[in-house]
Amino acid sequence: MEAKKNPEADLTNKYGLFLNIGLLISMGLALAAFEFKTYESTILPELEPSGDEFDKILDIPITVQQLPPPPVKVEQPEIMEVPNEEEIIDKIEVVFHDDYPEEVAVDDFIVNAPPIKEEADEIKDFAEHMPEPPGGMEGWAKYLNKNLKYPSQARRMGIQGTVFVAFVVNTDGSIQDVSILRGVDGGCSEEAVRVVDNAPSWKPGRQGGRPVRVKMRLPIRFKLN
């Protein structure tokens, strides 16, 4: 026959309550142990005043601060208003001296410097307006193609190249002083001089509005077909 416990004497139902109470007591003891502090007894030394140089009272003289001088009073000029209708020209005194002679002699101005001599025969390398052949450079090319003859010796020997000629265009447009700067054999240089020397007059160069002599340099090409 199984014996039954009295419900009031059964503590199984109160197990959780006892567990919680035990946890609270344990946590309380742990916190109390961490918060507990111990103090060591120390003896503070007695501080006795010691005499030194700072105990003496220094006598500081009283200084009087000088105030800056008062600013200089600037007197403003008195402005007088003049009506616009009042004429002030009469207040200006005009003095004329009439003791000058009627005729004043002026000495002739004499220039001692020699007159500027213009070098008409000066040959320039460059001018404001360079000389031009008739019809421009296109007309010059037509003149060369029509009048230039290929030398027979240069044709037989197969010589070809470019001859550089120099010449002077005078103030009247005529050509003179034809020379060779760089020539080609086989009679090409001589033919180039002949053609330039027989060319029609050019338009002269101008410097400062007047015609001048200018030295020209042009190439003439010899090429076999």
### Query
Using a simple spin-label model with points 7 Å from Cα along the Cα→Cβ vector, what separation in nm is obtained for residue 181 and residue 123?
1.3 nm
### Query
Distance in nm between label sites at residue 137 and residue 78, each 7 Å beyond Cα in the beta-carbon direction?
8.6 nm
### Inter-label distance for residue 194 and residue 20, nm, one decimal - labels placed 7 Å from Cα along Cα-to-Cβ
14.2 nm
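Suppose all protein chains stay in the model; what accessible area per residue would a 1.4 Å probe give for region 136-222, in Å²?
56 Å²
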#### Entry: Residues of region 183-212 with amide N under 11 Å of a point placed 7 Å along Cα→Cβ from residue 164
183
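The values are calculated or read from the model by the stated rules, or taken from the named source; none is laboratory data. Here the structure is a predicted model, which is why all the values come from computation and not from measurement. Neighbour counts are summed over all protein chains in view; Cβ atoms, including those assigned to glycine, are modelled from backbone coordinates with ideal geometry. The area values use the complete protein model at the heavy-atom level, side chains included, leaving out ligands, DNA and RNA. Shrake-Rupley method; radii C 1.70, N 1.55, O 1.52, S 1.80 Å.
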